[in-house]
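Data first, discussion second: the structure below is written as structure tokens.
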Amino acid sequence: MIIAEHISKIFNDIKAVDDISFEVKEGETMVLLGTSGCGKTTTLKMLNRLIDASGGSISIDGKNIFDQQPEILRRTIGYVSQSNGLFPHYSVEENVSVVPKLLKWDKSKTRNRAQELLEQLKLPLEEFGHKYPDELSGGQQQRVAIARALISNPPVLLMDEPFGALDPITRAGVRKEFLELPELKQKTIVLVTHDVQEAFELGDHICLMDKGKIVQAGNAKDLILKPANAFARNFFDHQRLFLELSALTFQDILNIADADSAFQNNADNASLPEISAKASLWAGMEILSASSKDALIVRNDTLNISKIYTTSSIQEAYRILKQHN
Ligand SMILES: Nc1ncnc2c1ncn2[C@@H]1O[C@H](COP(=O)(O)OP(=O)(O)OP(=O)(O)O)[C@@H](O)[C@H]1O
């Protein structure tokens, strides 16, 4: 768990980060979101002491980070920088093995772990281990950077615009792989992005920043449906409908009786496409628009409920949900 209390950073006379506090619970992904220059990277780098805070306190898993040598602290915190930070003259295997070398792991332990991780990241060691970064695509380089950050199994992972240099299609693909990586399920992650869609997809908890301050903290639904002020409202305006449909799930509809009544019960049409109740309304609309059917089955396997939605019943449920939020 990360606890930052009243942290600030002043560069010369610029207040890059101005008295902010936040907590990141174990296993949670927290996103620092905001426009360029609002203090996201500075905040992130204060957590592994690449930048030392001008004031405030930071503890990770109960230990004050200022009591630890920065180099030792950084061995327990994975870090993926904005520009992937791979050494150009090191092969993929050598890049991934940097931290194990510092930790004096033996060669076979390092190799086995590199193999396991690169396999998960779809870069098998046999095929890619000997290649150099400039022989890889941007998406592949980014995956090597993620493997390097994860190799020593640090409990905490910091990521600064990890997908920022990728084109939108590669970006969506690498992000999807990232979400599905079993390695990441237990990690406490802080991720910096200026991309709202990325923040909504990856963040359990999002801190929206402006001018060194946290303007609003909460989950995607809080941010899009209950903006704290005009800045927070305006920040999401250009993609509001998409973000609202992405933040609201079918389960939200199941939780509200009058929204729930907007669609039929007891689905039994086996030929309709299916989706989990945990999925967003947007995901449901996408399935419907790609399908020749005009309805889909939504399942909550825990409660053993399945219901049928059409596009118009999703729209009606969305209208009702908005009134409730
Ligand atoms: N080493 C430094 N010396 C002086 N000023 C700095 C330094 N690093 C950052 N700043 C300033 O601090 C402010 C916050 O910068 P920071 O990099 O944290 O923003 P950011 O939100 O991560 O932006 P971006 O998305 O563009 O990386 C900016 O005004 C920046 O110019």
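The values are calculated or read from the model by the stated rules, or taken from the named source; none is laboratory data. These numbers were taken from a predicted model, which means no experiment stands behind them. Note: ideal-geometry Cβ built from the backbone for every residue, glycine included; neighbour counts use all protein chains shown. All accessible areas refer to the heavy atoms of the entire protein, side chains included, with ligands and DNA or RNA removed. Shrake-Rupley method; radii C 1.70, N 1.55, O 1.52, S 1.80 Å.
Data overview
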{"read-out": "About the Cα centre, charge dipole magnitude for segment 2-239 (Lys/Arg +1, Asp/Glu -1 at Cβ), debye", "value": "300"}
{"read-out": "The chain - mean residue ellipticity at 222 nm from DSSP helices (-39,500 (n - 2.57) per run, n ≥ 4, rounded to 500)", "value": "-10500 deg cm²/dmol"}
{"read-out": "For segment 273-288, 3J(HN,Hα) per residue [Karplus equation, 6.51 cos²θ - 1.76 cosθ + 1.60, θ = phi - 60°, Hz, x = Gly/Pro]", "value": "x, 10, 8, 6, 5, 6, 6, 7, 4, 4, 4, x, 5, 5, 4, 5"}
{"read-out": "19 Å reach of a label modelled at Thr76, 7 Å along Cα-to-Cβ, counting backbone N of segment 1-24", "value": "1-5, 23-24"}
{"read-out": "Gained length - Asp106 relative to Ser54, 0.36 nm times residue gap less alpha-carbon distance", "value": "14.8 nm"}
{"read-out": "Flagged links, alpha-carbon separation over 25 Å, of Lys176/Lys221; Lys187/Lys307; Lys45/Lys213; Lys45/Lys107; Lys45/Lys211", "value": "Lys187/Lys307; Lys45/Lys107"}
{"read-out": "Net lengthening on full extension, Asn304/His6 (0.36 nm per residue, minus Cα-Cα)", "value": "102.7 nm"}
{"read-out": "Under-5 Å amide H pairs with Asp19, H placed in peptide plane, nonlocal only", "value": "Ser8, Lys9"}
{"read-out": "Heavy-atom accessible area per residue - the chain, 1.4 Å, Å²", "value": "48"}
{"read-out": "Three-way shape call for segment 106-206 based on the alpha-carbon gyration tensor, with the a/c threshold at 1.5", "value": "oblate"}
{"read-out": "DSSP bridge pairs, the chain: antiparallel proportion in percent, nearest 5", "value": "55"}
{"read-out": "Spin-label model distance (nm) - Ile256 vs Tyr132, 7 Å beyond Cα toward Cβ", "value": "5.8"}
{"read-out": "Under 5 Å, built H, 5+ apart or other chain: amide partners of Arg49", "value": "none"}
{"read-out": "Choice from Lys15, Lys107, Lys213 with maximal GNM fluctuation in the chain (Cα, 10 Å cutoff)", "value": "Lys107"}
{"read-out": "Of all DSSP beta bridges in segment 156-311, antiparallel share, percent nearest 5", "value": "60"}
{"read-out": "Principal axis dimensions, the chain - Cα atoms, whole angstrom, descending", "value": "61, 51, 34"}
{"read-out": "Karplus 3J(HN,Hα) series, Hz, for segment 205-222 with 6.51 cos²θ - 1.76 cosθ + 1.60 (x for Gly, Pro)", "value": "9, 10, 10, 8, 10, 8, 6, x, 10, 8, 7, 7, 10, x, 8, 4, 5, 4"}
{"read-out": "Residue-wise HN-Hα coupling along segment 151-162, computed from phi with Karplus coefficients 6.51, -1.76, 1.60 (Hz; x: Gly, Pro)", "value": "4, 8, 6, x, x, 10, 10, 10, 9, 9, 6, x"}
{"read-out": "The chain: relative contact order in percent, alpha carbon pairs under 8 Å with at least 6 residues between", "value": "18"}
{"read-out": "Surface share of carbon and sulfur [accessible, 1.4 angstrom probe, percent] for the chain", "value": "49"}
{"read-out": "Extension gain, Ala290 back to Gln69 (0.36 nm per residue minus Cα-Cα distance, nm)", "value": "74.2 nm"}
{"read-out": "Max mean-square fluctuation residue, GNM over the chain, Cα-Cα springs under 10 Å, options Ile169, Ile58, Ile151", "value": "Ile169"}
